[in-house]
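A short write-up of the structure that comes next.
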Amino acid sequence: MEKLIGLKKVKTAVFISGTGSNLRNLIKFAKIKMSPISVDLIISNTCKAKGLRFADEFKIKKKIFDLRNNEKNILSLLKKEKIKLICLAGFMKILSNDFIKKFDGKIINIHPSLLPKYKGLNTHSRAINNKDKFTGCSVHYVTARLDSGKVILKSIIKILAKDTATTLAKKVLIQEHKLYPAAIMKIFN
Ligand code: GRF
């Protein structure tokens, strides 16, 4: 990722589908002076995403797109808003290869496992069923292959005997909120 020039923050769009706790966390992070990014656009593939409320709360432009047919429209909006970085945060749709190519090296995602382990869904129950001793989360570049792009940073937590998929999800989410900003700092340094 190119270096930051002067004090200009990199215009960023966050893509969500659900609760948006990572979105909220990134908005808060972007407001810190030393943050290399500003969150200028929120995109959701569904109007049901609870995280959309943060667009109103923080007065950030939001757009709901029903993806597949609409990638062209998303791309023109991103261009219009001069977006240079896309952060996927609980975004449950798969972007087309064409879209990813157009934003090559500028889309990152947070995934609730220690990649390359457990790409895809239900990561916490898979870790528990396999009797893993550790789990965590990873921030990685998005490529055409699901959850397979180069990892930027990972955070590890211990799995306790009493952990369930629900308790793990909560613990990992706390780590995610630390990891995403740290990964963004890393790519701009
Ligand atoms: C996070 O665990 C993220 O890693 C996963 O979906 C969850 C989204 O949480 N892909 P939130 O919407 O950011 O609260």
Mean separation of Cα contacts under 8 Å (6+ apart) over length of the chain, as relative contact order %: 21
List Asp163, Asp56, ordered by accessible area with a 1.4 Å probe, largest first: Asp56, Asp163
Global geometry of region 1-117, whether rounded, prolate or oblate, following the gyration tensor of its Cα atoms and the 1.5 cut on a/c: rounded
Above-threshold pairs, the threshold being 24 Å between Cα atoms, out of Lys11/Lys102; Lys9/Lys80; Lys33/Lys158: Lys33/Lys158
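Which sequence of Thr12, Thr143 reflects their accessible areas, 1.4 Å probe, from the largest down?
Final ranking, largest accessible area leading: Thr143, Thr12.
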Calculated FRET efficiency for the pair Lys28/Asn189, C-beta based, R₀ 35 Å, to 0.05: 0.95
Ranked by how many other beta carbons lie within 10 Å on average, peptides 14-24, 40-50 from highest: 14-24, 40-50
Net dipole in debye of the chain [+1 Lys, Arg Cβ; -1 Asp, Glu Cβ; about Cα centre; nearest 20]: 320
Listed residues Pro181, Phe134, Thr123: farthest to the positive end of the dipole of region 110-189 (Cβ charges): Phe134
The chain: DSSP helices with Cα axial extent of at least 27 Å and average Kyte-Doolittle hydropathy no lower than -1.0: 165-187
Separation of the Lys50 and Thr164 label points, Cα + 7 Å toward Cβ, nm: 1.7
Rounded to 5, percent antiparallel among DSSP beta bridges of the chain: 40
Gyration tensor (alpha-carbon) shape descriptor, region 110-189, a/c threshold 1.5: oblate
Taking region 8-104 and dividing mean pair separation by its residue count, relative contact order in percent (alpha carbons under 8 Å, at least six apart): 39
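The values are calculated or read from the model by the stated rules, or taken from the named source; none is laboratory data. This one's a predicted model, so the numbers in the text were calculated from it and none came from an experiment. Cβ coordinates were reconstructed from backbone atoms using ideal geometry, including for glycine residues, and neighbour counts include every protein chain displayed. Keep in mind that these areas ignore ligands, DNA and RNA; they rest on the heavy atoms of the full protein, side chains included. Shrake-Rupley method; radii C 1.70, N 1.55, O 1.52, S 1.80 Å.
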